[in-house]
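Note sheet for the following structure.
Each value in this text was obtained by applying a stated rule to the coordinates, not by laboratory testing. As the structure is a computational prediction, the values presented were derived from the model and not from experiment. Glycine also receives a Cβ, built like all others from the backbone with ideal geometry; neighbour counts cover every protein chain displayed.
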Amino acid sequence: MSQILLTVALPMALAWMMLCVGMTLSVFDFKRVSQYPFKVIAALLAQLIGLPLLAYAIITLLGLPEPIAVGLWLLALAPGGASSNAITHLSGGDSALSITITAISSVVIPFTMPLLLTLFMPELSLVIPLKTAILQLTAVTLLPVLVGMALRHYTDESWFTPFAEKAGKSALWALFFTVIITVSANTEVFHLFASKAAVAVITLCVTGMVMGALIARIMGEKSAVVKTFAIEVGVQNAGTAIFAAVILLGRPEFAITPLLYGILMNIPAFGLIYFYRVRQRKVLA
């Protein structure tokens, strides 16, 4: 049952969230992002270089045992995903920028992840199929976003507007649903919530968010971009790290940390969404 939830229900929920995100976007949003490539480059450098440096510092300071340390390292090397795009959207970030960063990082990671993993543990050899990464990105992120954009552009406004409003409200519930699926499929890690591994994943997520936000602030960016940087740097695709650990490396013990992360990273993520919603209500009041 848990396998069905993870392989069928979870991707469907993520795809629905990305459809909802797509209905708020237009081609102009991506043209706007393309005019400022330095934003994308800065966020990618923070994610691909800055986050692994943070992970190495956490591993060293906490003295993590090998399985937990390698799992945290895999997490730091993973790309963002549909969850980071949905969280960015729900917390008032720049959705087009978030999707652009995720798309590029997902294509780059099959090359950078094996290299940086080997630097950390030379005895491990990892090959991530580029085709798999692209198919996953297309099915869960790009295609639903394009469908949402097409609905906005080509359908009658009298039908689209009420539909988009209802769909937008459902996006937060879909995110709750993905958390429920993740938790119910990984009950075996509950006993680790008070462990060093839990401290490590929360620390990685929060410090990654802080680093992303600081970089955007230094660049003089506005609130929406600051939140986007924070989420794209701090919220990683735990599924990629788990896939690398269990399927590609054949070491299920390395998946413990990503499993914990998939649950606990929702705490700071929902915190961002909550504070954004509270602020929006005050503005509208």
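Using 0.36 nm per residue of separation minus the Cα-Cα distance, give me the extension gain between Leu53 and Arg281 in nm, one decimal.
Numbers: separation 228, 0.36 × 228 = 82.08 nm, distance 3.79 nm.
Additional length available on full extension: 78.3 nm.
Neighbour counts of other Cβ atoms within 10 Å put Ser95, Ser84 in the fewest-to-most order Ser95, Ser84.
Take each of the peptides 69-77, 236-244, 132-140, average the number of other beta-carbon atoms within 10 Å over its residues, and list them starting from the highest.
Top of the packing list down: 69-77, 236-244, 132-140.
What is the gain in length, in nm to one decimal, between Leu62 and Thr155 on full extension, counting 0.36 nm per residue of separation less the C-alpha to C-alpha distance? Please report the intermediate quantities before stating the final value.
Working: separation 93, 0.36 × 93 = 33.48 nm, distance 5.42 nm.
Going from the current span to full extension adds 28.1 nm.
Against the chain, whose longest principal axis is taken from its Cα atoms, helix 51-62 shows a tilt of about 40°. Only residues of the stretch 138-164 count here: report those whose backbone N is under 17 Å from the spot 7 Å along Cα→Cβ of Met12, or say none. Residues 139-141, 144 qualify, since their backbone N sits under 17 Å from the label point. Taking each residue as 0.36 nm, the span from Phe163 to Ile247 lengthens on full extension beyond its C-alpha to C-alpha distance by 26.2 nm. Taking Cα atoms, how many degrees apart are the long axis of helix 95-120 and the longest axis of the chain, rounded to 10 and kept between 0 and 90? Orientation of helix 95-120: about 10 degrees from the principal axis.
By the count of other C-beta atoms within 10 Å, a proxy for reagent exposure, Phe270, Phe254 are ordered fewest to most as Phe270, Phe254.
Listed by Cβ neighbour count within 10 Å, with the fewest neighbours leading, His153, His89 appear as His153, His89.
Site pair Ser170 and Leu146 shows an inter-label distance of 2.2 nm when each label is modelled 7 Å from Cα along Cα→Cβ. Can you give me the Cα centroid spacing of the stretch 213-285 and the stretch 15-56 in angstrom? Between the Cα centre of the stretch 213-285 and that of the stretch 15-56, the gap is 13 Å. How far is helix 10-22 tilted, in degrees, relative to the longest principal axis of the Cα atoms in the chain, given as a value from 0 to 90 rounded to the nearest 10? Once rounded, one gets 40 degrees.
Using r as the Cβ-Cβ distance of Leu119 and Val206, and R0 as 30 Å, what FRET efficiency do you calculate, to the nearest 0.05? Before the final figure, lay out each step's value.
On the way: r = 25 Å, r/R0 = 0.83.
After rounding to 0.05, the efficiency reads 0.75.
Given Cβ point charges of +1 (Lys, Arg) and -1 (Asp, Glu) and nothing else, what value in debye, to the nearest 20, does the dipole of the stretch 2-284 about its Cα centre take?
With Lys and Arg at +1 and Asp and Glu at -1, about 700 debye.
Which three numbers, in whole Å and largest first, are the semi-axes of the equivalent ellipsoid of the chain derived from its Cα gyration tensor as √(5λ)? Before the final figure, lay out the partial values.
Numbers: eigenvalues 178, 82, 71 Å².
Working from the Cα gyration tensor, I get semi-axes of 30, 20, 19 Å.
Ranking Pro11, Thr118, Leu44 by Cα position along the charge dipole of the chain, where only Lys, Arg, Asp and Glu carry charges on their C-beta atoms, puts Leu44 farthest toward the positive end.
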